[in-house]
Amino acid sequence: MTGKKAGGRGTTLKQYLRGEMKDPEFRRFYEEADIELRVALEITRAREARKMSQRELADALKTKQQTVSRIERGAQNVTIETLDKIARALGRGLQVRFVPPTGA
């Protein structure tokens with residue numbers, strides 16, 4: 001979004017987010033959404049790398065294609081157990097790490 005202004009107020013999106021991130025509640029919601037979207041993208045990439053359709057992954061998970069679609073859009077909360085099942089169905093392992101917060 002280089003060069004574009006957010007909200008027509010002469011502020012770029014990056015500048016807007018920098019200001020909003022000072023609000024702890026906004027920052028928490030933003031970081032939660034970021035995590036969900038990164039996980040969703042990782043699942044999508046792994047599935048596509050295996051040349052698997054959403055339906056094929058759903059069949060391997062014994063669920064519906066619509067559920068896989070929601071997971072890949074970040075619109076479905078998933079448990080660690082579900083993430084592990086997805087990883088195994090994609091021929092992968094699951095790794096969870098704790099890292100310092102952004103800006104720490």
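For this structure, a couple of remarks:
- Test: residue in the stretch 40-47 that is closer than 25 Å to P24 by Cα and in a helix (DSSP H, G or I): yes
- Near pairs, Cβ below 6 angstrom, 6+ apart or cross-chain, from the stretch 62-78 (free of Cβ contacts under 8 Å to residues at least 40 places away in the same chain) to any residue that is surrounded by 14 or more Cβ atoms within 10 Å (Cβ to Cβ) and basic (K, R): Q76/R70
- For the stretch 17-50, the set of residues classified as within 21 Å of T67 (Cβ to Cβ) and of a type in the set (D, E) consists of E32, E36, E42, E48, listed by residue number.
- Members of the stretch 1-46 that are closer than 30 Å to A58 by Cα, modelled with pLDDT under 90 and over 11 Å from the mean Cα position of the chain (by Cα): F29, Y30
- Selected residue (criterion: modelled with the lowest pLDDT) from residues of the stretch 51-100 that are charged (D, E, K, R), surrounded by fewer than 15 Cβ atoms within 10 Å (Cβ to Cβ) and assigned to a loop (DSSP other than H, G, I, E, B): R97
The values are calculated or read from the model by the stated rules, or taken from the named source; none is laboratory data. Everything numeric here is computed off the predicted structure, so don't read it as measured data. Neighbour counts run over all protein chains shown; Cβ positions are idealised from the backbone, glycine included.
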